[in-house]
Amino acid sequence: MNTCETNTKSLRWCQGKTVVPGIRPRVYYVAKNDIVSWPTLADGKYVGDFVLAADKKWQVIDILNAKSNVTSESQGEKPSKTFKNTLKVVYPELNEDLNAAAEELNSGDHVFIHRDGSGKFKVVGSEIDQTDTTISTDTGEGATGTSGATITATATDRTPAPFYDGSIMTDEGEVNPKGSGSASGSAAE
């Protein structure tokens, strides 16, 4: 008799229910070196808060959400299969702040939090592997081309981009205050 526990769940969907695609127009990131302790990952969701060093806060990237997305795909072989989670966002300016952030993001190790179309926060970046972040810039063409930077963060995790209901403290204040769940935050997020 098999004594292994499983986590199998029914996946139901009500026909006619709208599923909002995409991500909201704001992403948060922090260097892994600034994380003092991680929340616990259980059943595809982080339980608890990311605890940051005393003087650190989540940084904000305002993005063109119509040109940004998150994908997850299986990778590896049984019994060691994981997920490759990729966040691709477009920041619409080429400025000094971008250059400073790009230098750190390009060679550092970071965790990113985005908000999906339904308003739930999700994480790209994990404790089990480094996050690989690349940046490409494009001045656009002529008077109608799109200028900006594409920031792509790829991370290995045990689950597709895990959900996160914990606190996100930025210089502007707390984005997801405890007890308010995924419904908090401004409409711009």
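The values are calculated or read from the model by the stated rules, or taken from the named source; none is laboratory data. All figures in this text were calculated on a predicted structure; none of them were measured in a lab. Don't worry about glycine lacking a Cβ; one is built from the backbone with ideal geometry, like all the others, and counts go over all protein chains shown. In case anyone asks, the SASA skips ligands and DNA or RNA and just uses the protein heavy atoms, side chains included. Shrake-Rupley method; radii C 1.70, N 1.55, O 1.52, S 1.80 Å.
Do any strands (runs of 3 or more DSSP E) entirely within the stretch 14-77 hold 2 or more residues that are buried (at least 18 other Cβ atoms within 10 Å of the Cβ) and not hydrophobic (A, V, I, L, M, F, W, C), and if so, which? Lay out the reasoning, then the answer.
On the way: elements: 23-31, 35-37, 40-42, 45-47, 59-62, 69-75.
Counting at least 2 such residues, we get 23-31.
Residues in the stretch 34-68 that are within 21 Å of ARG158 (Cα to Cα) and not β-branched (Val, Ile, Thr): SER37, TRP38, PRO39, LEU41, ALA42, ASP43, GLY44, LYS45, TYR46, GLY48, ASP49, PHE50. Checked against the criterion of being of a type in the set (Ser, Thr, Tyr), modelled with pLDDT of 95 or more, surrounded by 14 or more Cβ atoms within 10 Å (Cβ to Cβ) and touching a Gly at 6+ places or on another chain (Cβ under 6 Å), the candidates THR86, THR82 yield just one match: THR82. Restricting attention to the stretch 36-54, does a residue exist that is in contact with a helix residue (DSSP H, G or I) (Cβ under 8 Å, 6 or more places away or on another chain) and of a type in the set (D, E, K, R)? No, that holds for no residue. If only residues of the stretch 140-151 that are at pLDDT 95 or above and of a type in the set (Val, Ile, Thr) are counted, the one that is least open to solvent (accessible area, probe 1.4 Å) is ILE151. Of all residues in the stretch 89-119, those satisfying the criterion of being open to solvent by 60 Å² or more (accessible area, probe 1.4 Å) and touching a Ser or Thr at 6+ places or on another chain (Cβ under 8 Å) are GLU93, LEU94, ASN106, SER118. Selection of the stretch 120-139 for residues being over 13 Å from the mean Cα position of the chain (by Cα) and either within 17 Å of PHE163 (Cβ to Cβ) or buried (at least 19 other Cβ atoms within 10 Å of the Cβ) (or both) yields only GLU127. Figure legend. Inter-residue proximity from the stretch 46-75: first residues over 19 Å from ALA31 (Cα atoms), second residues part of a strand (DSSP E or B) and open to solvent by 80 Å² or more (accessible area, probe 1.4 Å), beta-carbon distance below 9 Å, spacing 6+ or different chains. Indicated pairs: VAL47/THR40; LYS67/LYS88; SER68/LYS88; ASN69/LYS88; VAL70/LYS88; THR71/LYS88.
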